[in-house]
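Here is the structure we will look at.
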Amino acid sequence: MSNLRTLHTLANLVPPGSRVLDLGCGDGAMLHHLIQTKGCTGYGVEIDDANVLACVKRGVSVVQLNLEQGLSTFADQSFDVVLQIDTLQHLRNAETMLRETARVGRMGIVTFPNFAHWPNRLRVLGGRMPVTKRLPYQWYDTPNIRVGTWADFEVLAEKNGLRVLDAFGMEEGEVIRRWPNLMASTAVFKFERPAA
Amino acid sequence: MTQPSKARCYTEKSMTFIAQAQTLTLPKPLVLRSGHTLTDVRMAYEIYGQPNADQSNVVLVCHALNASHHVAGVYADAPNDVGWWDNLIGPGKPVDTDRFCVIGVNNVGSCFGSYGPQDVNPATGEHWGGDFPVVTVEDWVDAQAALLDALGIAQLAVVMGGSLGGMQALSWTLQYPDRVRHAAVIASAPNLTAENIAFNEVARRAIVTDPDFHEGHYARHGVLPKRGLRIARMIGHITYLSDDVMNEKFGRLLQDAVQYQYTTQAVEFQIESYLRHQGNKFSDYFDANTYLLITRALDYFDPAREHGGQLAKALARAKAHFLVVSFTTDWRFSPQRSREIVKALLDNGTPVSYAEIDAPHGHDAFLLNDARYHALVRAYFDGVTTGPTRGAA
């Protein structure tokens, strides 16, 4: 997920000048890119020491927090965009997190590995859990504890009253709009919480 | 800036350097929050490294309870007297004095060289002693700013401090928002909790109830309230360590015997011996009135107070970029307290990076050499721009 094309594809979803909160920001590459090229401001949130250090080295503001403890640190609608790039699948309270994302940000952008990508389906049909480039872990050591599909997320978003602004699949940074649930290893959703 | 007559001689083995304490008497009176005014206020300080052409590389280090302006290096005549943050600050260190000009400053009311209770009260011609007026964190910051004025330093690249020093760094960004580009607030808090004030009060009562205290005028009686200071230090010391570290270091080890001696008065456990040793050492060099003043300054610090307890409102004035660091086992200034500062900064959209260092050493961790902590400080300082091309903070 860290290749340059992926970064650009996702950055294109962020309006210029946005105040951005990047949940699970990794080494800060995305935020750094948004700050440098799109005039954005904002913070990353990370739990990992090495990633926190990497962000500080890049000059990206980063807050070391455990997302499992929620987003109470952040006020309602305090960001234009909240990013969750490959973060949701690591969180035990994924649904709460989604709601929190919609609370804190005017717009949310979520990506996660699409379990319904056709090679995964084949592997499951063959009786085994998928191990692919996108899902490289064995079932017993995977950090992805909430593995869902592109189609599943649509249902979850609807259940939580989120309005999906854009949704597509992504393969090596290429946007896939034809049968994304089957053809893409990554699901991308851009959504907002409709005004009450 | 007046050039300190300081030779940059590095001692070979420890990559440190010879520090020279200096003093400067503030040209203007210092008006305190308590309403008192101090005149001819003497400030002790040290400077490491050189200011650059536009003086955009100056770092001010604020000290905590029992420290001083001797932040880094050693003295020529006292090679074992190492500055209290020497592991962090020096040539090639995370706060690199080859790049930054670092100033260590001693606070008013201290017993290490700045104007304090051991000086003479001009109104009476006698030592101030217990009559020295109460000083606050804000007063200290005013005095530090006056020192920088006298040295010709308009703006700080970074103000930094741990614990009570972190409170001063935070206060700098509120009292002089245009004079600080970055603030490093380490193992600190936006105010003290009731429990924290309680610890301070126990320490103060220990001192004040020492029969040798004489309401702070012990000098007149030719005595020192050492017993009180010892107890104060013992209780303080307990709160600076974590339960784990204390257990690891001492556990239930006995001092001399394998068998219990069944004594209530003598030292039985090693932890007792350790605390007594710390207490004794402390009472030999620290002043009782200073201890009272500094713990009181800790208690009073509460920038949110005049904003209805809303810290975000209080911090809205800050223009600096922040680095906030806490340590997981610090229960005297817990990570939760640092997160309060971070939340207030986030609410204001102030740039802040926050790290929670997983260290076993409790509050003392901010003084120790922890690789992750030091790497983080180094990375942050590397990102502090200096020189004529620097951008706005």
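The values are calculated or read from the model by the stated rules, or taken from the named source; none is laboratory data. Every value quoted in this text rests on a predicted model; they were computed, and no experiment measured them. Every residue, glycine among them, receives a Cβ derived from its backbone with ideal geometry; neighbour counts consider all protein chains shown. Surface accessibility is based on the protein's heavy atoms, side chains included, excluding ligands, DNA and RNA. Shrake-Rupley method; radii C 1.70, N 1.55, O 1.52, S 1.80 Å.
Here are a few things to note about the model shown:
- Built amide H within the under 5 Å cut-off of residue A:44, gap 5+: A:22, A:61, A:62, A:63
- Mean-position separation - Cα centroids, segment B:130-161 and segment B:210-227, in angstrom: 29 Å
- Positive dipole terminus of the protein assembly as shown, leading residue within B:374, B:255, A:132 (C-beta point charges): A:132
- Ordering B:82-92, B:117-127, B:101-111, B:34-44 by mean Cβ neighbour count within 10 Å, with the highest value first, yields B:101-111, B:82-92, B:34-44, B:117-127.
- Comparing A:110, A:165, A:36 along the charge dipole axis of chain A, the residue lying farthest to the positive side is A:165, per the Cβ-charge model.
- Judged by the gyration tensor of its Cα atoms, with axes a ≥ b ≥ c, segment B:99-171 is prolate; a/c meets the 1.5 cut and a/b is the larger of a/b and b/c.
- Nitroxide proxy distance, nm - points 7 Å out along Cα→Cβ at residue B:313 and residue B:118: 4.3 nm
- Protein heavy-atom accessible area occluded, A/B pair - total, 1.4 Å probe, Å²: 1400 Å²
- Where a label projected 7 Å from the Cα of residue B:328 along Cα→Cβ would reach, residues of segment A:122-150 with amide N under 20 Å: A:143
- Using distinct alpha-carbon pairs, which all enter the 1/r mean, Kirkwood radius of chain A in Å: 16.9 Å
- Backbone HN-Hα couplings from phi across segment B:158-169 [Karplus 6.51/-1.76/1.60, Hz, Gly and Pro as x]: 9, 10, 9, x, x, 6, 4, x, x, 4, 5, 4
- Other-chain or far-sequence residues with amide H under 5 Å of residue B:17's (modelled H): B:11, B:73, B:74
- At most 14 other Cβ within 10 Å, DSSP loop - chymotrypsin sites (Phe, Trp or Tyr not before Pro), segment B:230-300: B:260, B:262
- For segment B:53-117, size of Cβ-based charge dipole, Lys and Arg +1, Asp and Glu -1, in debye: 140 debye
- Relative contact order (percent, whole number), segment B:153-275, Cα cutoff 8 Å, 6+ residue spacing: 16 percent
- With R₀ set to 51 Å, the beta-carbon distance separating residue A:163 from residue B:24 gives a calculated FRET efficiency near 0.20.
- For the residues of B:338-351, the average number of beta carbons from a partner chain within 10 Å of their own beta carbon is 3.
- Number of partner chain Cβ atoms within 10 Å, mean per residue of A:54-67: 6
- Distances between placed amide hydrogens fall under 5 Å for residue B:322 paired with B:183, B:352, B:353, all partners being 5 or more residues away or on another chain.
- Leading residue at positive end of dipole, segment B:254-325 (Cβ point charges), from B:322, B:301, B:273: B:322
- Scaling against 2.2 N^0.38 Å puts the C-alpha radius of gyration of the protein assembly as shown at 1.12.
- Given their separation in residues at 0.36 nm each and the Cα-Cα distance between them, residue A:122 and residue A:50 gain 22.3 nm when the chain is fully extended.
- Dipole in debye (nearest 20) - chain B, about Cα centre, beta carbon charges: Lys, Arg +1; Asp, Glu -1: 520 debye
- A Cβ-based charge dipole, computed about the Cα centre of segment B:210-318 with Lys and Arg at +1 and Asp and Glu at -1, lands at about 280 debye.
- Solvent-accessible area of residue B:167, all protein chains in place: 0 Å² (probe radius 1.4 Å, heavy atoms, ligands and nucleic acids excluded).
- Surface analysis of the protein assembly as shown yields an accessible area of 43 Å² per residue, using protein heavy atoms and a 1.4 Å probe.
- Seen from all directions on average, segment B:133-213 presents a Cα convex hull projection of 6.8 nm².
- C-alpha long axis of helix B:371-382 to longest principal axis of chain B, angle in °: 30 degrees
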